[in-house]
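A short write-up of the structure that comes next.
The values are calculated or read from the model by the stated rules, or taken from the named source; none is laboratory data. Bear in mind that the values here come from a model prediction, so they are computed numbers and not experimental data. Cβ sites come from the backbone with ideal geometry, for glycine too, and all protein chains shown count toward neighbours. For accessibility, only protein heavy atoms count, side chains too; no ligands or nucleic acids. Shrake-Rupley method; radii C 1.70, N 1.55, O 1.52, S 1.80 Å.
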Amino acid sequence: MATGKEKAAAKAAAAQDRGRALAGRLAEVRDDLGRAEGPSKRPAALPETRYARSSNLSIAYQVVGTGPDVVFVPGSLSHVELGWETPPSATQYRRLSSFSRMITFDKRGTGLSDRTAELPTLEERMDDVRAVMDAAQCEKAAVVGISEGGPMAILFAATFPERVTALVLWCTFARVAWAPDYPDGIDAQEAERFCDQIEEIWGHGRVWPLISIHDAPDDEATRRNLARFERNAATPAMAAAANRFGLRLDARHALGAISAPTLVVHRSGDPLISVAHGRYLAEHIRGARLSEFPGEFHFSGRGKDEDVLDEIEEFLTGTRPEPQIDRVLKTILFTDIVGSTDRLVRMGDRRWHELLDTHHSIVRRELERFRGQEVKTIGDGFLATFDGPARAIHCAREITDRVGAIGLEVRAGLHSGECETRADDLAGVAVHIGARVGGLAGAGEVLVTSTVRDLVAGSGIEFNDRGRHELKGIPGEWQLLAVAA
């Protein structure tokens, strides 16, 4: 019969066996993951997040696409997973991974990387770039640094020239704070107060449009999406600290040591990082090329960064992508709020924008319900498309009714025709016809061309004739009809 000591020893041995078995299974998983490293075969819509070790921290990173290696260094805050759903990174990720093996990551303290109690040094953050490249089995790459990620990219290119094939500096700086020898910088005390305010309001979707996407749509759905991104990208304290970090950076000493071919791209009207910072970079990096683009935003919340991305792709690959123009048959819907200026004057900015947010939410909900595709907002109206004219009519009718219930009058115009799709925009004569028809509609009215009426024959939808009209800039006369209530 076993003694107490023997039983205890047996239990200890069994526990060790279970531990070894578990460790063995984890080792197999580790080996499988190791064999899976290298060029990612996963589509950009389903990227996989991995972790690299930098000092004693885990740095979240992704490898997406095929082609020449490009390391994308984000700005002050990021989230490698939600970034695919949130501007501006959604546009940047998709485009860069379309022509390269894009390697991107969350800096320490942000996103899915380890949180830190104190601000790191620039050298520590720069070392994260090296750790991620090593983990992704990347010997050398083009480095694209944006905004606050620019100084990291600058220092890395100067410190490890053998690992950098090219450098792209996008709306960024070597130093952002004012100094006697840097008069184009911003006042540090004022910037510190701004960072204090970031901590107070972070997590509500209000900060990101101020520090990144100045042209973002101002509606409730957009704010909810941005609020989710803010909360996941950083805590309020870390969000403020990450922006304070940018105020303390000065990478000017490294500019003269950069030997890689360099492209500097900047918006001429950037309200956050003045174009003077980009010009300084181009003047102090040997052989650097400066490309200035119009736009009064840091990055775009509406997908308007394609012009810069075209320039970057040509610089890194030698070829500029041909504009993708497809001709498709669509039913085009234009909506517009009647008398919006008078309402704004009577209500004041705050109440009007609250009502406008409700309007936008209603329109987007009905577009989703009837399978419409929002193309863009135009003033206080919408341009959307449908693959069926009957659904477009029903959607327009619901929008006018539901918006009317909140005290607004909307008019809508519809036309079906062949359109040119260019990236995320729409062009062609059919679009102009739809816009002219919408402009002739009365309050609460859905006005269509005879083309739309003919396409829904037999659907039971009834119309009232509104006569023949000349449409500005469009040849001939056009018969217009109002959808019966």
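In this structure, is VAL448 under 22 Å from ILE337 (Cβ atoms) and under 37 Å from the mean Cα position of the chain (by Cα)? Judged against the criteria, VAL448 is a match. Of the residues in the stretch 360-373, at least one is surrounded by fewer than 18 Cβ atoms within 10 Å (Cβ to Cβ), without any contact (Cβ under 8 Å) to a residue 24 or more places away in the chain and basic (Lys, Arg).
Hey, can you tell me all the residues within the stretch 282-324 that are modelled with pLDDT under 90 and open to solvent by 80 Å² or more (accessible area, probe 1.4 Å)? Passing the criteria: ARG302, LYS304, THR319, ARG320, GLU322, PRO323, GLN324. Test GLU81 against the stated conditions and say whether it is within 20 Å of THR159 (Cα to Cα) and open to solvent by 10 Å² or more (accessible area, probe 1.4 Å). So GLU81 fails the test. Any residue at all in the stretch 378-385 that is open to solvent by less than 50 Å² (accessible area, probe 1.4 Å) and in contact (Cβ under 8 Å) with a residue 60 or more places away in the chain? No, the stretch 378-385 has no match at all. When the stretch 394-410 is filtered for residues that are among the charged types (D, E, K, R) and either more than 31 Å from the chain's Cα centre (by Cα) or open to solvent by less than 10 Å² (accessible area, probe 1.4 Å) (or both), the ones remaining, listed by number, are ARG397, ASP401, GLU409. Among residues of the stretch 176-205 that are without any contact (Cβ under 8 Å) to a residue 24 or more places away in the chain, those with a Cβ under 7 angstrom from a residue that is among the acidic types (Asp, Glu), sequence gap 6+ or separate chain, pair up as TRP178/ASP187.
Just one residue in the set GLY428, GLY413, GLY442 is more than 33 Å from the chain's Cα centre (by Cα) and open to solvent by less than 40 Å² (accessible area, probe 1.4 Å); that residue is GLY442. Would it be correct to say that VAL338 is more than 17 Å from GLY381 (Cβ to Cβ) and in contact (Cβ under 8 Å) with a residue 24 or more places away in the chain? No: the conditions fail for VAL338. Taken over the stretch 85-121, the criterion of being assigned to a helix (DSSP H, G or I) and surrounded by fewer than 18 Cβ atoms within 10 Å (Cβ to Cβ) is satisfied by ALA90, ARG94, SER98. Quick check on VAL275: is it touching a residue at least 40 places away in the same chain (Cβ under 8 Å), of a type in the set (A, V, I, L, M) and either touching a strand residue (DSSP E or B) at 6+ places or on another chain (Cβ under 9 Å) or surrounded by 13 or more Cβ atoms within 10 Å (Cβ to Cβ) (or both)? No, not satisfied.
Residues that are surrounded by 21 or more Cβ atoms within 10 Å (Cβ to Cβ) and β-branched (Val, Ile, Thr) do occur in the stretch 238-258. Taking strands (runs of 3 or more DSSP E) as the structural unit, those lying wholly within the stretch 292-390 and holding at least 1 residues that are in contact with a Pro (Cβ under 7 Å, 6 or more places away or on another chain) correspond to 325-337, 373-378. Summed over the stretch 197-223, residues that are under 14 Å from the mean Cα position of the chain (by Cα) and aromatic (Phe, Trp, Tyr) total 1. Hey, any hits in the stretch 125-134 for a residue that's at pLDDT 90 or above and more than 26 Å from PHE315 (Cβ to Cβ)? Yes, the stretch 125-134 contains at least one residue that is at pLDDT 90 or above and more than 26 Å from PHE315 (Cβ to Cβ). Scanning the stretch 149-177 for residues that are open to solvent by 10 Å² or more (accessible area, probe 1.4 Å) and either in a helix (DSSP H, G or I) or more than 20 Å from ILE285 (Cα to Cα) (or both) yields LEU155, ALA158, THR159, PRO161, GLU162, ARG163. Kindly check whether there is at least one residue in the stretch 463-470 that is small (Gly, Ala, Ser) and out of contact with any Phe, Trp or Tyr (no Cβ under 7 Å at 6 or more places or on another chain). Taking every residue of the stretch 463-470 in turn, at least one turns out to be small (Gly, Ala, Ser) and out of contact with any Phe, Trp or Tyr (no Cβ under 7 Å at 6 or more places or on another chain). Among the residues of the stretch 461-476, those that are surrounded by fewer than 17 Cβ atoms within 10 Å (Cβ to Cβ) and either modelled with pLDDT under 90 or among the hydrophobic types (A, V, I, L, M, F, W, C) (or both) comprise GLU470, LYS472, GLY473, ILE474, PRO475, GLY476. The residue list ALA8, ALA12, ALA52, ALA44 contains one member that is hydrophobic (A, V, I, L, M, F, W, C), modelled with pLDDT of 95 or more and either surrounded by fewer than 24 Cβ atoms within 10 Å (Cβ to Cβ) or part of a loop (DSSP other than H, G, I, E, B) (or both), which is ALA52.
Here the stretch 203-237 is the region considered, the condition is being open to solvent by less than 10 Å² (accessible area, probe 1.4 Å) and of a type in the set (Val, Ile, Thr), and the residue that is farthest from LEU112 (Cα to Cα) is ILE213.
The rows are residues; the columns are (1) over 25 Å from VAL456 (Cα atoms); (2) more than 27 Å from the chain's Cα centre (by Cα).
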{"position": "THR319", "(1), (2)": "yes, no"}
{"position": "LEU329", "(1), (2)": "no, yes"}
{"position": "SER340", "(1), (2)": "yes, yes"}
{"position": "ARG343", "(1), (2)": "yes, yes"}
{"position": "HIS360", "(1), (2)": "yes, no"}
{"position": "ARG371", "(1), (2)": "no, no"}
{"position": "ASP380", "(1), (2)": "yes, no"}
{"position": "ASP387", "(1), (2)": "no, no"}
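Residue count for the stretch 165-191 satisfying the condition of being among the hydrophobic types (A, V, I, L, M, F, W, C) and farther than 19 Å from LEU290 by Cβ: 6.
When GLU192, GLU200 are checked against the criterion of being open to solvent by 70 Å² or more (accessible area, probe 1.4 Å) and out of contact with any Phe, Trp or Tyr (no Cβ under 9 Å at 6 or more places or on another chain), a single residue qualifies: GLU200. Whenever a residue of the stretch 132-147 is assigned to a loop (DSSP other than H, G, I, E, B), its partners that are at pLDDT 95 or above and open to solvent by less than 10 Å² (accessible area, probe 1.4 Å), lying with C-beta atoms within less than 7 angstrom and at least six residues away or across chains, give the pairs ALA136/TYR61; ALA136/ILE103; CYS138/ILE103.
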